[in-house]
Amino acid sequence: MSERILVAVAWPYANYLLHVGQVAGAYLPADIFARYQRLIGNEVLMVSGSDCHGTPITVTADRENVSPKDIVDRYHPKILEAWEKIGISFDLFTTTLTENHYETTQDVFTKLLSEGYLYTDKQAQLYDPESDRFLPDRYVEGICPLCSYKDARGDQCDSCGAQLDAVDLIEPRSIISGANPEIRESEHFFLRLSAFEEKLREWVGSQNHWRRNVKNFTLGVLDEGLKDRAITRDISWGIPVPIDGYESKRIYVWFDAVIGYLSAAKEWAASNESPESWKAFWEDENTRSYYFIGKDNIVFHTIIWPAMLLGYGNLNLPYNVPANQYVNFSKGQKQSKSKGTGNWILDLLDTYDPDVIRFYLTSILPETSDSEFQEEELIRSNNEMLIATWGNLVNRVFAMIHKNFSGEMPSCNNISTESISLLSEIDSAFETIGNAYAACEFRTALRESLRIAQLTNRYLDTRAPWKAIKEDPEHTAETLNISIQAISGIAKLLHPILPHSTTELFENLGFDSEDIGKNWSRNSVPEGTRLAKSKALYSKLESD
RNA sequence: GGCAGGGUAGCUCAGAAGGUUUAGAGCGCACGACUCAUAAUCGUGAGGUCCGGGGUUCGAUCCCCCGCCCUGCUACCA
């Protein structure tokens, strides 16, 4: 029975290159999941895009004295390039600058307004009289009221780490003009989050398949009580408010960004020449939606976006939000874009094959706690695990078949109990590993797949086909035949994680890509198949 | 400060409605076997006060309390 799965992935800001932490935290797990779902025959729609609005983009643009659009035009292609190279299989990766996204966002805004979930209220804000504009907290600096640090930012003091309110800064100054900002009242639209508190609590409380930290954290926030939140800003970069009299304001970034999941599905449908097909992914309650995000993003996906969906009506709430922790870099330092300590994924891809990176990152996915990225470890994991356990297994079996059977798949006439038990281990692994993929436990899926490879290595050692060839070629033929069947099975098990190299392997085994992706089970390699004489799937890496 | 997650072998991590565990796996390390294979594989072994201190209990690494450390959020930087 084919199911329909929406794979929604966090929208990266298009003002920086992608760093490894983002890939491991959201995009790689989402891709593994999507590939698994496609492999077992489910209908998958995987979408995301560049988040093009928001303060970080305008800050970058202002600093370089270019337009926000220029920043997006520079980084969006780089993001696409990263997906292409590491193999993140989006059905659509768009941007929040499309006409479709603007329309969808304004539609959601209008609908929430007419349903009574938006209202206007006044808010005090800092205003720069010289440059004649309202200032986000980040655009204000001054003396920290707590530690007297003289260059504290309006949102946070870099010296003592305190969270600040720009209004509290001593001797505040605009970073645009240096002028002393004044406080002005401004009218904004607010999202009536408080109206959804009970419904959300009930909904979240029943999500027993969510990760513990995601559920507890969300319930904790709900217990503190939801406050209504302003969704417009006095800025010029963003989606216009579709109401007369508010031409100088824009819808704020977090409101439009989450709507991207919906607008991207619409865009995908339109480009597929079936403009209504997005509805199956949003309105059919049997469709399950998974949101892959980092832990800093949980509230937006378990409270705010669900509230917006409830307010809009008739659209599916998230089925699961498997938020990940963070990947840290040397000595617990967080992978930070703003500090410029990046291990950019594109740089890594210049040096290493995509599957080598995917293998290592999968092994350290921060599913339950923060993990640490070390390039030395990447090299070791490639040499000591990927190649030693798996690559070498493939290589030794292929080599023996080419040496003793001219590269033709040997026959298996009598099957021994050893062979039967190996194959049954593999076939039952499809169930346990399939369950792990379905539960978004990708490290487990990888570990168990390697365990099967190890069993196959052990089988080979026990059967010693290199010895048997001398006195009992039938015995050797059986061993190598069964080993190839095992390899075919393991390749399938690993395919969501290592799509590039396993596809190559499948070709070497005589399959075409059509054969691979239709069932979640071992593809049997028929006797007599010509096995390609190929170079090794992976190469050893020097650790300088 | 408050809330949440984490603190387990050299490294990366599992785990446990509290007793079947003398606390597990992989890698690394030591030794042995094998030699088909990318010095790969297979076996054996060493290695841990499960962050610290109290408490509950017949029994706690797992529950409670108090600390310490890392990370995120704290509603205007998703």
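Every read-out reported here was derived from the displayed coordinates using simple, explicitly stated rules and does not represent laboratory data. Here the structure is a predicted model, which means the values were calculated and not measured. For neighbour counting, all protein chains shown are included, and Cβ atoms are generated from backbone atoms with ideal geometry for every residue, glycine included.
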inquiry  = Restricting things to Cα coordinates, could you compute the convex hull volume per residue of the range A:406-474 in Å³?
reply    = 108
Size of charge dipole - the range A:374-516 - debye, nearest 20, with Cβ of Lys, Arg +1 and Asp, Glu -1, no other charges = 400
key: Longest exposed-site-free window of chain A, the sites being trypsin sites (Lys or Arg not before Pro) in a DSSP loop that have at most 10 other C-beta atoms within 10 Å   = A:1-226
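What percent does the relative contact order of chain A come to when contacts are Cα pairs within less than 8 Å and at least six residues apart?
Details: 932 pairs, mean separation 90.3, N = 544.
RCO, chain A: 17 percent.
Just add up the charged neighbours of A:Ala269: K/R +1, D/E -1, any other residue whose Cβ is under 10 Å from the Cβ of A:Ala269. Don't skip to the answer; put the middle values down first.
Numbers: positive: A:Lys266, A:Lys279; negative: A:Glu267, A:Glu273, A:Glu276.
That sum, taken over residues with Cβ under 10 Å, equals -1.
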query = Over 23 Å between Cα atoms, which of A:Lys199/A:Lys227; A:Lys470/A:Lys492; A:Lys227/A:Lys295 qualify?
reply = A:Lys470/A:Lys492
Label point distance in nm, A:Ser411-A:Lys535, each placed 7 Å from Cα along Cα→Cβ = 3.6
message = Among A:Val241, A:Gln125, A:Leu200, which residue has its Cα furthest toward the positive end of the charge dipole of chain A, with +1 on Lys/Arg Cβ and -1 on Asp/Glu Cβ?
response = A:Leu200
task = Give a residue-ordered list of calculated ³J(HN,Hα) values for the range A:482-492 (Karplus: 6.51 cos²θ - 1.76 cosθ + 1.60, θ = phi - 60°; whole Hz; x for Gly, Pro).
result = 5, 4, 5, 4, 5, 4, 4, x, 5, 4, 5
ask   = For A:Lys266, which aspartates and glutamates qualify as cross-link partners when the Cα separation must be under 19 Å and same-chain residues fewer than eight apart are set aside?
value = A:Glu43, A:Asp51, A:Asp91, A:Glu99, A:Glu103, A:Asp107, A:Asp256, A:Glu276, A:Glu283, A:Asp284, A:Glu285
request  = Answer with one residue from A:Ala439, A:Thr462, A:Pro56: the one whose Cα lies farthest towards the positive end of the charge dipole of chain A, charges on Cβ with Lys, Arg +1 and Asp, Glu -1.
outcome  = A:Thr462
request  = Lys and Arg at +1, Asp and Glu at -1: add these up for the other residues within a Cβ distance under 11 Å of A:Tyr127 and post the number.
outcome  = -4
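Using unit Cβ charges (K, R positive; D, E negative) and no other charged atoms, how large, in debye to the nearest 20, is the dipole of chain A about its Cα centre? Could the numbers behind the result be given before it?
Working: 53 positive and 78 negative charges, 237 e Å.
Charge dipole of chain A: 1140 debye, to the nearest 20.
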task = Run down the aspartates and glutamates and flag those whose C-alpha is under 15 Å from the C-alpha of A:Lys249, throwing out any fewer than 8 positions away in its chain.
result = A:Asp121, A:Asp132, A:Glu185, A:Glu187, A:Asp234
request  = Run down the aspartates and glutamates and flag those whose C-alpha is under 17 Å from the C-alpha of A:Lys85, throwing out any fewer than 8 positions away in its chain.
outcome  = A:Asp31, A:Asp347, A:Asp350, A:Asp353, A:Asp355, A:Glu504
key: chain A: Cα Rg divided by the 2.2 N^0.38 Å rule of thumb   = 1.13
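Multiply the residue gap between A:Gln123 and A:Asp512 by 0.36 nm, knock off their C-alpha separation, and tell me the result in nm, one decimal place.
Numbers: separation 389, 0.36 × 389 = 140.04 nm, distance 6.20 nm.
Between A:Gln123 and A:Asp512, full extension yields 133.8 nm more.
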Virtual paramagnetic centre 7 Å along Cα→Cβ of A:Asn395, amide N under 16 Å, in the range A:481-525 = A:501-502, A:505
query = Over the range A:395-532, one equal point on each Cα, no solvent: what is log10 I(q)/I(0) by the Debye formula at q = 0.12, 0.15, 0.19 Å⁻¹?
reply = -0.45, -0.71, -1.10
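Summing +1 for each Lys or Arg and -1 for each Asp or Glu, what net charge is found among the other residues whose Cβ lies under 14 Å from the Cβ of A:Glu99?
With Lys, Arg at +1 and Asp, Glu at -1, the neighbours total -3.
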Charge dipole (chain A, unit charges on Cβ, about Cα centre) - positive-most of A:His500, A:Leu541, A:Gly25 = A:Leu541
